[in-house]
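Engineer: Have a look at this one before I ask anything.
The values are calculated or read from the model by the stated rules, or taken from the named source; none is laboratory data. All of these numbers come straight from a predicted model, not from anything done at the bench. As a convention, Cβ positions derive from the backbone with ideal geometry for all residues, glycine included, and neighbour counts pool all protein chains shown.
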Amino acid sequence: MPDRSWKVHLCSIILAVMAAMWLADLYLVVTTPPTMAEAARAAGKPFDTRDRAQVLADLRRSGADACRSITPIFFLETDGLTSGGKKLYPLGGISRKLTLGNNETGAFGIYTSDEHGFNNPVGLHGGSLDAALVGDSFTHGHLIEAGSDIASWLRKRGVTALNLGMSGAGPLEELAIMTEYALPARPRVLLWLYYEGNDLADLSRSSTCPTMMRYLEDEYSQGLAHRQAEIDDALTRFVEDGERKARALPDRDESRAVRKSPIVRVLKLEDLRGRLDVMRKVKATEQTLSLFRDVLAAAKRRVERTHGKMVFVYLPEWYRYGYGWQKHESFRDRRKVLATVAALGIPMIDIHETFSGQPDPLSFFPFRLYGHYTPEGFRLVADTIARRLKEANLEATAPGRSAP
């Protein structure tokens, strides 16, 4: 009779390993931080517990012409929309529209979009600009109360700043938005806000979209600044079609998501796998890093052709402080990103240096939890940018412009 003892031992080892993993996941489930709503309640602070669909319905019932924020990533899979028989890839939202964002700090972000669908007062696109900002949701400011985004804080400090941030945008979308909306405005400074949490991953994602890749061509443009009526019509139909078919637009309101049963989470090792995914410090491929360099080089070249200056702003994520990885230069390819920026000769403002120099960096995140920055955090970012621009004399007058 064959000896099956090794099979018994192997099964015992596998069961022991699985039991250890389940126990580890159980520990993570038990110690899982509260949701933002729970944290607010514990701190005795108000928190709007409605979901976004409810808020939108309430706004419309009150007579407001409102819609959810619409961003370029909605159209990646389809490579844009069809408008009048022609392809169109919108990069902003619907113009002059009450726009509903998300809720991380207790109240939903709500703003009226400008003439090109971005989070600004109307009229900035046609005036003299000190700075234009491109970036993702950290720049967009759709998760916080109106007037608390970085551009708004800069304007309060005397810097005429145009916010061209869009939630979910990566470097390719930012290059596209810069090309279509920032360059025609000829800002003195183009602020490229880079979020270390997902910008390289977003770049890899968007590299499969033909229209986004075309923006690497120096002469390519859709002429979007002169097609707003067409954009508004296409986006309005997009929203109405989605609502008519009862398909909700992508909703990233993760702070308000209903949690799965703890038993299901443990059996699937969901919390452990999520933690390991972050701890692995996933590296970008050399192909993505090379594309990142090409995107920045194209952006710098185009900004300088308009006699402006490009400045790279490095925005750190919660995990750097929440997990105590402040000094890990390899986390999120930080060292490689900074080296790429330096090699291109692009001035840089490192907000990680600003946050890590504060007594309690986690205080700049809502209820000290994973998410975007608090209004105070965004104000500190704006203060740092304004100070560094002044120190570097980047407010200097460019040819044909008056001094700010």
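Engineer: Return the pairs, sorted by first residue and then second, in which the second residue is part of a loop (DSSP other than H, G, I, E, B) and surrounded by fewer than 14 Cβ atoms within 10 Å (Cβ to Cβ), the first residue lies in region 221-243 and is assigned by TED's automatic domain parsing to the domain that holds P72, the beta carbons are less than 8 Å apart, and the residues are 6+ apart or on different chains.
Structural biologist: E230/G84; G242/A248
Engineer: Looking only at region 303-317, decide whether some residue is in contact with a helix residue (DSSP H, G or I) (Cβ under 6 Å, 6 or more places away or on another chain), assigned to a helix (DSSP H, G or I) and on the phi < 0 side of the Ramachandran plot.
Structural biologist: Among the residues of region 303-317, not one is in contact with a helix residue (DSSP H, G or I) (Cβ under 6 Å, 6 or more places away or on another chain), assigned to a helix (DSSP H, G or I) and on the phi < 0 side of the Ramachandran plot, which makes the answer no.
Engineer: OK, next. Does V258 count as at pLDDT below 95, hydrophobic (A, V, I, L, M, F, W, C) and buried (at least 16 other Cβ atoms within 10 Å of the Cβ)?
Structural biologist: no
Engineer: Name, by its number, the condition in (1) surrounded by fewer than 18 Cβ atoms within 10 Å (Cβ to Cβ); (2) closer than 25 Å to E145 by Cα that does not hold for F365.
Structural biologist: It fails just one condition, (1).
Engineer: Scanning for something within 22 Å of T384 (Cβ to Cβ), in a loop (DSSP other than H, G, I, E, B) and free of Cβ contacts under 8 Å to residues at least 60 places away in the same chain, does region 165-179 turn up at least one residue?
Structural biologist: yes
Yes/no per residue for (1) crowded, with 20+ Cβ neighbours inside 10 Å; (2) under 18 Å from the mean Cα position of the chain (by Cα); (3) in contact (Cβ under 8 Å) with a residue 12 or more places away in the chain:
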position: E304; (1), (2), (3): no, no, no
position: E317; (1), (2), (3): yes, yes, yes
position: K327; (1), (2), (3): no, no, no
position: R334; (1), (2), (3): no, yes, yes
position: A342; (1), (2), (3): no, no, no
position: P359; (1), (2), (3): no, no, no
position: R387; (1), (2), (3): no, no, no
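Engineer: In addition: Could you please find all residues in region 78-106 being out of contact with any Pro (no Cβ under 8 Å at 6 or more places or on another chain), aliphatic (A, V, I, L, M) and surrounded by fewer than 24 Cβ atoms within 10 Å (Cβ to Cβ)?
Structural biologist: L88, L98, L100
Engineer: Which number in (1) at pLDDT 95 or above; (2) more than 22 Å from P316 (Cβ to Cβ) marks the one condition that G170 misses?
Structural biologist: Result: G170 fails condition (2) only.
Engineer: If I go through region 208-220 residue by residue, how many of them are in contact (Cβ under 8 Å) with a residue 24 or more places away in the chain and either buried (at least 18 other Cβ atoms within 10 Å of the Cβ) or more than 27 Å from T285 (Cα to Cα) (or both)?
Structural biologist: Of the residues in region 208-220, 4 are in contact (Cβ under 8 Å) with a residue 24 or more places away in the chain and either buried (at least 18 other Cβ atoms within 10 Å of the Cβ) or more than 27 Å from T285 (Cα to Cα) (or both).
Engineer: Yes or no: I346 farther than 27 Å from R214 by Cα, of a type in the set (A, V, I, L, M) and assigned by TED's automatic domain parsing to the domain that holds L172?
Structural biologist: Spelling it out, it is not the case that I346 is farther than 27 Å from R214 by Cα, of a type in the set (A, V, I, L, M) and assigned by TED's automatic domain parsing to the domain that holds L172.
Engineer: While we're here: Going by what's in this entry, would S330 be described as of a type in the set (S, T, N, Q), at negative phi and modelled with pLDDT of 95 or more?
Structural biologist: For S330, the condition - of a type in the set (S, T, N, Q), at negative phi and modelled with pLDDT of 95 or more - is not met.
Engineer: Oh, and also: Any residue at all in region 192-202 that's surrounded by fewer than 17 Cβ atoms within 10 Å (Cβ to Cβ), part of a helix (DSSP H, G or I) and not aromatic (F, W, Y)?
Structural biologist: Within region 192-202 (the criterion being surrounded by fewer than 17 Cβ atoms within 10 Å (Cβ to Cβ), part of a helix (DSSP H, G or I) and not aromatic (F, W, Y)), the answer is yes, since at least one residue qualifies.
Engineer: Here is a further query. Filter region 99-138 down to the residues that are aliphatic (A, V, I, L, M) and out of contact with any helix residue (DSSP H, G or I) (no Cβ under 7 Å at 6 or more places or on another chain), then identify the one that is nearest to D149 (Cα to Cα).
Structural biologist: If we take residues in region 99-138 being aliphatic (A, V, I, L, M) and out of contact with any helix residue (DSSP H, G or I) (no Cβ under 7 Å at 6 or more places or on another chain), then I110 is nearest to D149 (Cα to Cα).
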